[in-house]
Amino acid sequence: MRSSDEGVGTSTAIPGLESHLVGLMSFLALLLLVVIPCLVLLPVAWKLSAPLNDVPYNKTWNPLGDVLGLLRASTPVDYFSQQVEKHGAICQLRLGPMGRVILVADPKEIEENLQKRAENFDKAKVVREAFVGTLRQGSVGLAAKEQWKLHRRMMTPSMSPTYLATRMNQICANVQKLLDIWAVKSRLASKYDATFECDDDIERFAMDSIMAVMLGENLHCLEDTYKSLNSLTTSELSQQGVLRLSAPFSRNYRNFRYLLQGMGSALRSGAPALVYGVLNLLPGWRTARRECYQFIESKLEQHSGGDSFVDRLLSRYPDGRPEGVSPSALLDEFATFIIGGADTPSTVMSWIIKYLTMHPQVQNRLHSELSASFKLSNNFSVTLEELQDGGFAYLDAVIHEVLRLANVGGVSARDALHDVTISGCQIPKGSQVFFLTGHSGISNAPPVEDSGITSGTFYPERWLKEESDGSFSFSSNGIPSFPFGHGPRGCPGQRFAMLELKAFLLAFNLTFFLEETVEATDAQAEMLVVLRKPSRMCIKIRKWEDGRVGI
Ligand code: HEM
């Protein structure tokens, strides 16, 4: 029989040996799985991102180059801007295994290369791939060849002024619903001197509106919120003085949001194929995608013989699509426009709210100019002609100034199809070239002399031109701002987006004044989904007639 001491001695000796063995095995595994691959891959990464002569860059021994800086930056776009500020209007990033990227911020080069020399470039593969996993044959992910041209031609009528004029009633009805919801929320929030979160309402508005344009009817996202207001209780009021009320998501709306978030992760990851590989393993993701497509397909089949874009496609083509576009490619294209057309306008709307909150004097001027020229009725209505004929110069100026500074899209990412020369530097075929369209507008708007107003100041007046009779008209005044990108691969939804933003701001500014809140004036921006977006929007609004306004 062994003594208890012996027993203890024997039992500690064996685990001690085991733990050494485990330690040794872990060390070998680490060596095999991490260290050796790194030692092999790092020189490869170094080579792939080898810098071009004459193009400035951050000199570092680190083979991952700018990767860590990019990860630390609040958004990639912000990091790009910092680099051109540091190195000049052309510089390069070294991204280890992801190669090198040339950044171009000179406005003349941007305009020239994206428009006049567009045939030298295609949309960057790394960006196209981030969409292909969801939107497969949608134009956003296609190379600029015949198929892409066919898709763009097929969709052009959905953004024509004659067609959009027929959708204005639906867009205005959505604006009205949004304002009605905010009137109720603001009444409740003001009882507690609280703010209320508005992001979800804005996203619902944008989704309903693009559905109205693309499929002729909306998803009733705002209606769901309006209905849920009836069952509001004070428990929705959080302790931090913020009213958070999010209506339940309908299945279709939840599915589209899910797709959008998946694409956002793919785009941010820098390794979209990997992200899609994982997403495609998730049953929830597969179901969401399938159901979104079934929804679009059902709407395409239920065309009413009316004047929606779907009806127009059917009257133009016997199959509702041109020869060469397969049924699945047609669905992909509709999904592309729905997703692209929901996310970007809602992001810009959040920025509009943010900038106006920070600039009460702009709200005041806008309100007095709009009230002088437009009468708001209980059922908001405005026509395309009224919005387009230049009668709301200051409204146009405010929207252009928000688009310029919000830098939502920020980058037109291209691959060079030939050797090219940009700003005197030789860029070889195959290089990734990111044209910093956002940065161009932010840093090159002329400052106003002796006023402290720099190119980075929010100053809508810079978009106005004084006429001989003393009135003001909207003018680009040579400001090199490209919020929708530029050239043949620029944004096809620009016209609709501008109408939607103008209709929203017109009715909003005539109804409400935004009071200053900590959250809305917080300077942070985040790359939340795909775009540069304000991190959280909590607002406090007051009807103009409810007392003193402005500063
Ligand atoms: C204020 C709102 C919007 C902004 C700021 C915006 C911005 C942009 C930008 C910067 C691009 C890339 C351009 C380039 O690479 O040069 C783009 C592409 C695109 N946008 Fe928009 N967009 C907006 C609204 C919309 C809307 C409403 C739709 C649909 C109706 C839409 C559909 C698309 C599509 C399909 C592309 C890809 C085009 C292609 O690759 O061929 N966008 N947008």
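The values are calculated or read from the model by the stated rules, or taken from the named source; none is laboratory data. The model shown is predicted, which means the values in this text are computed figures rather than measured ones. Don't worry about glycine lacking a Cβ; one is built from the backbone with ideal geometry, like all the others, and counts go over all protein chains shown. SASA here: full protein model, heavy atoms, side chains in, ligands and nucleic acids out. Shrake-Rupley method; radii C 1.70, N 1.55, O 1.52, S 1.80 Å.
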Please verify whether Lys533 is outside any loop (DSSP other than H, G, I, E, B), in contact with a helix residue (DSSP H, G or I) (Cβ under 7 Å, 6 or more places away or on another chain), within 16 Å of the ligand (Cβ to nearest atom) and at pLDDT 95 or above, treating the condition exactly as stated. no
Write out, first by first residue and then by second, each pair whose Cβ atoms fall under 9 Å of each other, whose residues are 6+ apart or on separate chains, and whose first residue, in the range 145-156, is part of a helix (DSSP H, G or I) while the second is within 8 Å of the ligand (Cβ to nearest atom) and aliphatic (A, V, I, L, M). Trp148/Leu142; His151/Leu142
The one condition Pro97 fails out of (1) modelled with pLDDT under 95; (2) within 24 Å of the chain's Cα centre (by Cα) is (2)
Answer yes or no: is there a residue in the range 138-159 that is within 28 Å of Leu330 (Cβ to Cβ), surrounded by fewer than 20 Cβ atoms within 10 Å (Cβ to Cβ) and among the polar types (S, T, N, Q). yes
Scan the range 506-522 and tell me whether some residue there is open to solvent by less than 30 Å² (accessible area, probe 1.4 Å), within 13 Å of the ligand (Cβ to nearest atom) and at pLDDT 95 or above. no
Mind checking which residues of the range 414-430 are crowded, with 20+ Cβ neighbours inside 10 Å and of a type outside the set (D, E, K, R)? Ala416, Ile422, Ile427
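Quick grid of which residues meet (1) among the polar types (S, T, N, Q); (2) more than 17 Å from Glu109 (Cβ to Cβ); (3) within 16 Å of the ligand (Cβ to nearest atom):
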{"site": "Phe434", "(1), (2), (3)": "no, no, yes"}
{"site": "Ser443", "(1), (2), (3)": "yes, no, no"}
{"site": "Ser475", "(1), (2), (3)": "yes, yes, no"}
{"site": "Pro483", "(1), (2), (3)": "no, yes, yes"}
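Conditions tested, residue by residue: (1) open to solvent by 20 Å² or more (accessible area, probe 1.4 Å); (2) more than 30 Å from Lys540 (Cα to Cα); (3) aromatic (Phe, Trp, Tyr).
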{"position": "Tyr293", "(1), (2), (3)": "yes, yes, yes"}
{"position": "Gly324", "(1), (2), (3)": "yes, yes, no"}
{"position": "Pro327", "(1), (2), (3)": "yes, yes, no"}
{"position": "Leu356", "(1), (2), (3)": "no, no, no"}
Does the range 358-369 hold any residues that are of a type in the set (S, T, N, Q) and buried (at least 22 other Cβ atoms within 10 Å of the Cβ), and which are they? Gln363
Just to be sure before I move on: is Cys172 modelled with pLDDT of 95 or more, more than 11 Å from the ligand (Cβ to nearest atom), crowded, with 17+ Cβ neighbours inside 10 Å and among the hydrophobic types (A, V, I, L, M, F, W, C) in the structure I sent? yes
Give me the residue from the range 448-461 that is in contact (Cβ under 8 Å) with a residue 40 or more places away in the chain and open to solvent by 30 Å² or more (accessible area, probe 1.4 Å) and, out of that set, farthest from the ligand (Cβ to nearest atom). Glu461
Does Leu314 satisfy the condition of being away from the ligand (no atom under 16 Å from the Cβ) and farther than 30 Å from Met537 by Cα? yes
Does Phe434 satisfy the condition of being in contact with a strand residue (DSSP E or B) (Cβ under 7 Å, 6 or more places away or on another chain), touching a residue at least 24 places away in the same chain (Cβ under 8 Å) and buried (at least 17 other Cβ atoms within 10 Å of the Cβ)? yes
Any residue at all in the range 176-187 that's within 30 Å of Cys425 (Cβ to Cβ), among the polar types (S, T, N, Q) and modelled with pLDDT of 95 or more? no
Could you list, in sequence order, all residues of the range 380-391 that are touching a helix residue (DSSP H, G or I) at 6+ places or on another chain (Cβ under 7 Å) and at pLDDT 95 or above? Phe380, Ser381, Val382, Thr383, Leu384, Leu387
The condition of being modelled with pLDDT of 90 or more and surrounded by fewer than 19 Cβ atoms within 10 Å (Cβ to Cβ) holds, among Tyr79, Tyr57, only for Tyr79
Failed item in (1) in a loop (DSSP other than H, G, I, E, B); (2) of a type outside the set (Val, Ile, Thr); (3) touching a helix residue (DSSP H, G or I) at 6+ places or on another chain (Cβ under 9 Å); (4) over 30 Å from Arg414 (Cα atoms), with Arg204 passing the rest: (1)
Kindly provide the set of residues from the range 295-311 that are open to solvent by less than 60 Å² (accessible area, probe 1.4 Å) and either in contact (Cβ under 8 Å) with a residue 12 or more places away in the chain or of a type in the set (Val, Ile, Thr) (or both), ordered by number. Phe295, Ile296, Lys299, Leu300, Gly306, Ser308, Phe309, Val310, Asp311
Which one is nearest to the chain's Cα centre (by Cα), of the residues in the range 124-169 that are near the ligand (Cβ under 10 Å from one of its atoms) and of a type in the set (Ser, Thr, Tyr)? Ser139
Regarding the range 413-432, can at least one residue be identified that is assigned by TED's automatic domain parsing to the domain that holds Ile110, under 20 Å from Asp343 (Cα atoms) and among the hydroxyl-bearing types (Ser, Thr, Tyr)? no
Being surrounded by fewer than 17 Cβ atoms within 10 Å (Cβ to Cβ), part of a loop (DSSP other than H, G, I, E, B) and touching a Leu at 6+ places or on another chain (Cβ under 6 Å) is the filter here; which residues of the range 462-492 pass it? none
Checking Pro345 against (1) touching a Pro at 6+ places or on another chain (Cβ under 8 Å); (2) within 30 Å of Gln294 (Cβ to Cβ), which test does it fail? (1)
Of the residues Ser423, Ser350, Ser371, Ser377, only one is more than 16 Å from the ligand (Cβ to nearest atom) and in contact with a strand residue (DSSP E or B) (Cβ under 8 Å, 6 or more places away or on another chain); which? Ser423
Which of the numbered conditions does Gln115 fail, given that it passes all the others? Conditions: (1) buried (at least 20 other Cβ atoms within 10 Å of the Cβ); (2) within 23 Å of the chain's Cα centre (by Cα). (1)
Which is away from the ligand (no atom under 12 Å from the Cβ) and not polar (S, T, N, Q), of Phe196, Phe121? Phe196
